[in-house]
């Protein structure tokens, strides 16, 4: 055989190898994992991306959605099903599309599904006019004017300015010490209500751990606060089923509806908790709790920050080699907080149903955040449901309570909140609740910037902004420098990881081709 002919045949073999299937594993089927998988499926180009896509999605649990979780009939129980109260009342993870507007990625999904405010999406408060708040010191609940919240905001801003001037980070709680305006200070009942329902709810962290400098250095969409009438499952089921098709988000995201017969669903393998992640310049090897081994060219790791931080045997993920210092430090430095949601189903709505929210202003830890904030779900769904929350340091306290203990505390607070002519039932309602801290697949609710973290956005970008070894990519709300702690942040991070995988592939294919041709030329030298 002539050398040129032999070389041509050998290069043909090499070219066939170079277009071999590209194996990508997504670890986790929460919002970011589904976003990554949906983006890869909908935008993968076998020619441009170095070969056909072979996608595997491994989910540690028995369902999709992660910390976005609408309880189904079996999970909620017969009483909730009989009452027709499934959907928004049984969202035990995220509830809101925060700042919904036409450019919001989650709103775009809803729009593609034919939903809008008043038609499948329901607006909650835009102002304190929809909050009925009292101190528990009187027999009625007078309206609270906006200037009290304005004073709260002013004191928070002053605490941050003082920390910046001192060029020294301290906890938000410490930074508020000694500050006062009008009749408000950090020890005031009303101030502490706003601290719990705003700063501690938004971040899932207690004020004693929040960085005064960076706890709110993230960005926000401006728009309405909307909940899904049928629950957030509407979104994550659409992503999984292929009911929507997405662009990769590199330019303004486009989401379109897909007819049932043309859908390309995401295949999810359940009960596959990844225990070990090994990686080198050539591949990623994942070992699950049941000792199954998966090999891939790339892996997108979307487990929650709480799991990455965990050393518990039921949660821990081990990386070999160890993650680089920037990633390891980011995982260690960022905080992972908790919020407990409790939904109460009554035989009928016994409370005044005009307001969207009810609040009890009281000071002290954990009292300020322990079932002092109530969402009137009846105003959103016509179902006789109240939802309350445990916020800040109260969240972990609440997780340790029984349902009976919860109801005792909740009822006592409702008696203080409601007008004297309203009788709060003594019989406990049907109760469903979240327990994210105790969940080994979550270990908490969402991410906050802890005191001592050297700049929230920069820490997140440094820790998760690129690949690890060209093979590992991270996604999840904790990896979103701009929108941590949100569903839209998680979604966008999944898209970013998918784009990064696609961008890596052609470069590596080209490098493999050059190396292979050089090796071939060296082997052909004796024939020339």
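The values are calculated or read from the model by the stated rules, or taken from the named source; none is laboratory data. Values in this document were obtained by computation on a predicted structure and should not be read as measured data. Because the Cβ atoms are built from the backbone with ideal geometry, glycine has one as well, and the counts that use them run over all protein chains shown.
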Where in the stretch 294-397 are there strands (runs of 3 or more DSSP E), lying fully within it, with 2 or more residues that are surrounded by fewer than 22 Cβ atoms within 10 Å (Cβ to Cβ)?
318-320
Would you check if residue 282 is modelled with pLDDT of 95 or more, surrounded by fewer than 17 Cβ atoms within 10 Å (Cβ to Cβ) and in contact with a helix residue (DSSP H, G or I) (Cβ under 8 Å, 6 or more places away or on another chain)?
no
Applying the selection to the stretch 242-263, what residues are surrounded by fewer than 16 Cβ atoms within 10 Å (Cβ to Cβ) and either within 22 Å of residue 493 (Cβ to Cβ) or touching a strand residue (DSSP E or B) at 6+ places or on another chain (Cβ under 8 Å) (or both)?
247, 250, 251, 252, 254, 256, 257
Quick count over the stretch 420-452, residues being modelled with pLDDT of 95 or more and part of a loop (DSSP other than H, G, I, E, B), is 22
Does residue 251 count as in a loop (DSSP other than H, G, I, E, B) and free of Cβ contacts under 8 Å to residues at least 12 places away in the same chain?
yes
I'm trying to understand the selection: among the residues of the stretch 191-219, which are surrounded by fewer than 21 Cβ atoms within 10 Å (Cβ to Cβ) and closer than 12 Å to residue 152 by Cβ?
198
